[in-house]
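The values are calculated or read from the model by the stated rules, or taken from the named source; none is laboratory data. Model, not experiment: these values are computed from the prediction. Note: ideal-geometry Cβ built from the backbone for every residue, glycine included; neighbour counts use all protein chains shown.
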Amino acid sequence: MKSHIGIVQMRSTDQLDQNLDFSHQQIQQAADKGVDLLAFPETFLYIGSDNQEKHRVAQTLDGVIVDTFRDCAVRYNMSLLLGSIYEKIPDESDRLFNTSIFINRQGELSGIYRKIHMFDAPALGFNESDGIKAGDQPVVFDHEIGRIGLSICYDIRFPELYRHLTAMGAEIIFVPAAFFLYTGKHHWLQLLIARAIENQVYIVAPNQWGEHYEGRVSYGSSVIIDPWGSIVCCAPERTGLIATTIDLDYLDEVRRNMPILTHRRPNLY
C-alpha cells in the first residue's frame, strides 16, 4: 500500500500568529500536491525563551487552535500530525506537557502522545523538565496508511522506546523535532537511520531549522527514511514542504527477506 507523505520544515518563533499562518499555507500547498498525511515539527506553534509566554500560548486538546487544525483536516481531506504543542495540564500552573497530536481525515484525534524523555542538557543551557512534565505512555495506533507510532525529538536517543513501539506493531514512526544544531550535525541523521534499520520501519522526522532566537538554532534536515535505512527525501536548508511516497509492501518485503524481528531472544537479555 502506497501513501503520499509530506513533512514541513519550519523556523518557528515566538510569534504564534505568524507560525499559524505559515502552517496553514503549508497545508494548502500539501493539498495541492495530493498529500495524504502532513506532519509538522516539534513545538511548531511557538519557540521562545519566555516561560510565561509558553503558558499563555499553551492549549488544551479541545482548544481553539486544535479545533482549527481539525477543521483543516476535514476541509482538505488530509491527516495531520501536529508535531507537538504546549498542552495545559489541569490543576498544574507551573508545568505543561509537550504533546504530539495526530488528526485523521475525519477531524478525529487518533493519537495523543506526551513526550516521555526530557531533554535536560545544562551544558547547552537547556533543561526541558524545568517547565515540561514528562509523559508516561508509549503510543501506537491504527490508521489508513498503516500502524503508526509516535515519538518526539530527544526520544530518538532511547532505542528501547522504538523497539517497544515496533513490538506494538508500528510500521511508521514519527519523530517531530527541534533538534539543536550543535548535536544535530553529529547525531540527527545517524540516530534516525539506526532506528529505521534496527526496527525495519519508516521514520518520518520533520525538524525545525535555523535560528529561533539568540542562542537557539535548530539543525534542519527534515527527513523520511525507509525500512532499509535509505533516505527517501531530505529537506534543504530552508523552510518549506517536502513530500514522498511510502510503500508498506516494501516494508513487508524488507521484513520478509531479513526477518531480524523474529530472531530476537529477549529471554536472554
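Worth pointing out:
- Of all the criteria given as (1) buried (at least 22 other Cβ atoms within 10 Å of the Cβ); (2) of a type outside the set (Lys, Arg); (3) in contact with a Cys (Cβ under 9 Å, 6 or more places away or on another chain), the one not satisfied by residue 152 is (3).
- Residues in the stretch 210-231 that are under 19 Å from residue 38 (Cα atoms) and buried (at least 18 other Cβ atoms within 10 Å of the Cβ): 220, 221, 222, 223, 224, 225, 226.
- Screening the stretch 179-239 for strands (runs of 3 or more DSSP E) wholly inside it with 1 or more residues that are within 21 Å of residue 249 (Cβ to Cβ) returns the ranges 202-205, 223-225, 231-234.
- Restricting the stretch 157-167 to residues that are touching a residue at least 40 places away in the same chain (Cβ under 8 Å) and touching a helix residue (DSSP H, G or I) at 6+ places or on another chain (Cβ under 7 Å), the residue that is surrounded by the fewest Cβ atoms within 10 Å (Cβ to Cβ) is 157.
- Among residues of the stretch 42-62 that are farther than 18 Å from residue 18 by Cβ, those with a beta-carbon under 7 Å from a residue that is part of a loop (DSSP other than H, G, I, E, B) and of a type outside the set (A, V, I, L, M, F, W, C) at least six positions away or on a different chain give the pairs 51/131.
- Checklist (1) hydroxyl-bearing (Ser, Thr, Tyr); (2) more than 20 Å from the chain's Cα centre (by Cα); (3) surrounded by fewer than 17 Cβ atoms within 10 Å (Cβ to Cβ) applied to residue 68, failing item: (2)
- Test: residue in the stretch 94-103 that is within 22 Å of residue 247 (Cα to Cα), free of Cβ contacts under 8 Å to residues at least 60 places away in the same chain, surrounded by fewer than 21 Cβ atoms within 10 Å (Cβ to Cβ) and out of contact with any strand residue (DSSP E or B) (no Cβ under 9 Å at 6 or more places or on another chain): no
- Contact annotation: residue pairs with Cβ atoms under 8 Å, 6 or more positions apart or on different chains, pairing a residue in the stretch 128-146 that is in a helix (DSSP H, G or I) with a partner that is modelled with pLDDT of 95 or more, are 128/98; 128/118; 128/119; 128/120; 128/154; 129/118; 129/120.
- Boolean, residue 235 is closer than 22 Å to residue 4 by Cα, crowded, with 18+ Cβ neighbours inside 10 Å and either under 15 Å from the mean Cα position of the chain (by Cα) or at pLDDT 95 or above (or both): yes
- The condition of being within 18 Å of the chain's Cα centre (by Cα), buried (at least 22 other Cβ atoms within 10 Å of the Cβ) and assigned to a loop (DSSP other than H, G, I, E, B) holds for residue 170.
- Note on the stretch 238-259: among residues that are under 23 Å from residue 207 (Cβ atoms) and aliphatic (A, V, I, L, M), the one that is surrounded by the most Cβ atoms within 10 Å (Cβ to Cβ) is 246.
- Some residue of the stretch 37-44 being among the polar types (S, T, N, Q) and more than 27 Å from residue 141 (Cα to Cα): no
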